[in-house]
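Let me begin by presenting the structure, written as structure tokens, before commenting on it.
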Amino acid sequence: MRIALGLEYDGASFHGWQSQADGSGVQDAVERAVSTIAGQRVATIAAGRTDSGVHATLQVAHFDTDALRPETAWVRGVNALLPATVAVRWAVGVADDFHARRKATGRYYTYLLLDHPVRSALLQSRVGWYHRPLALHAMHEAAQALLGTHDFSAFRAAECQARSPVKTLDRLEIAREGDMFRFELHADAFLHHMVRNIIGTLVYVGCGRQPAAWVANVLASRDRALAAPTFAAAGLYLTGVDYATHWNLPATRAPVRVFGP
């Protein structure tokens, strides 16, 4: 049978979601725990392959197994075997044609950015940091050029394996929360490093290094070299995945909440 899992994890101590030769991927930890409960080798497939240091409040994955276990075993039993920084939020049996990645129709990401002269020790792996004040209005103005369906090659990592750089970004909201900015993004799919490259580019505008109109020019150029450097992974969270309702999944979105000092 096929089982879908809703997962959350702190990515600071992992080398991304994807399995690594040294076993340091989130996928490795999940597969070790699930395989122990199943009593057989289990392979997982996730909705998104988050980078090293990137977190998830709601990642969706699936696996196939011949083992008959109550759904509680895939939650409590697996959690008992996982590192403290990874947890299964829910588990549910799904149809054989469900696929965590291919059946996803959208992804949600949140980026938390502290703009403060002094970095935070307590939030050092939870938020991105920039040492100068950032202008909300300028970043909001610049972000409008990125909304819609575009070729996002200028925001794509060189090692990206996506078949097409054309994606539809239909949400890019920026809000001030105390000493922090919250960036909320939603798209049908994201390219490798796309969110972090967008954040870095908006920071260039927010700090006054570039005007708001520059972002539209970067997008139109399709040239990665013209955009800002990739911003830090620490503040990035995968917060949800869209699926059709007929899959009958539990909640597949979970907003990120960070409590600072």
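The values are calculated or read from the model by the stated rules, or taken from the named source; none is laboratory data. All values derive from a computational prediction rather than experimental measurement. For neighbour counting, all protein chains shown are included, and Cβ atoms are generated from backbone atoms with ideal geometry for every residue, glycine included. SASA here: full protein model, heavy atoms, side chains in, ligands and nucleic acids out. Shrake-Rupley method; radii C 1.70, N 1.55, O 1.52, S 1.80 Å.
Numbers at a glance
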{"read-out": "Filtered residue count, region 65-87, keeping only those that are touching a Leu at 6+ places or on another chain (Cβ under 9 Å) and either of a type in the set (D, E, K, R) or without any contact (Cβ under 8 Å) to a residue 40 or more places away in the chain (or both)", "value": "1"}
{"read-out": "Sole exception among (1) small (Gly, Ala, Ser); (2) within 21 Å of His15 (Cα to Cα); (3) surrounded by fewer than 17 Cβ atoms within 10 Å (Cβ to Cβ) for Gly128, by number", "value": "(3)"}
{"read-out": "Verdict on Arg171 being touching an Asp or Glu at 6+ places or on another chain (Cβ under 8 Å), in contact (Cβ under 8 Å) with a residue 12 or more places away in the chain and of a type in the set (Lys, Arg)", "value": "yes"}
{"read-out": "Candidate set: region 205-261, residues that are open to solvent by less than 60 Å² (accessible area, probe 1.4 Å), among the β-branched types (Val, Ile, Thr) and outside any loop (DSSP other than H, G, I, E, B); chosen: the one farthest from Ala121 (Cα to Cα)", "value": "Val218"}
{"read-out": "Residue list for region 1-26, restricted to those being over 13 Å from the mean Cα position of the chain (by Cα) and among the charged types (D, E, K, R)", "value": "Arg2, Asp22"}
{"read-out": "Verdict on Leu146 being open to solvent by 20 Å² or more (accessible area, probe 1.4 Å) and not polar (S, T, N, Q)", "value": "no"}
{"read-out": "Residue among Ala100, Ala157, Ala142 that alone is farther than 27 Å from Val218 by Cβ and either of a type in the set (A, V, I, L, M) or outside any loop (DSSP other than H, G, I, E, B) (or both)", "value": "Ala100"}
{"read-out": "Search result, residues across region 83-129 that are hydroxyl-bearing (Ser, Thr, Tyr) and either over 28 Å from Leu169 (Cβ atoms) or touching a helix residue (DSSP H, G or I) at 6+ places or on another chain (Cβ under 6 Å) (or both)", "value": "Thr85, Tyr109, Tyr111, Ser120, Ser125"}
{"read-out": "Options Val166, Val195: the member that is over 25 Å from Pro255 (Cβ atoms) and either modelled with pLDDT of 95 or more or surrounded by 18 or more Cβ atoms within 10 Å (Cβ to Cβ) (or both)", "value": "Val166"}
{"read-out": "Top-ranked residue of region 17-51 - restricted to ones that are touching a helix residue (DSSP H, G or I) at 6+ places or on another chain (Cβ under 7 Å) and part of a loop (DSSP other than H, G, I, E, B), ranked as most open to solvent (accessible area, probe 1.4 Å)", "value": "Arg41"}
{"read-out": "Qualifying residue in region 54-67 (condition: part of a loop (DSSP other than H, G, I, E, B), within 26 Å of Leu169 (Cβ to Cβ) and modelled with pLDDT of 95 or more)", "value": "yes"}
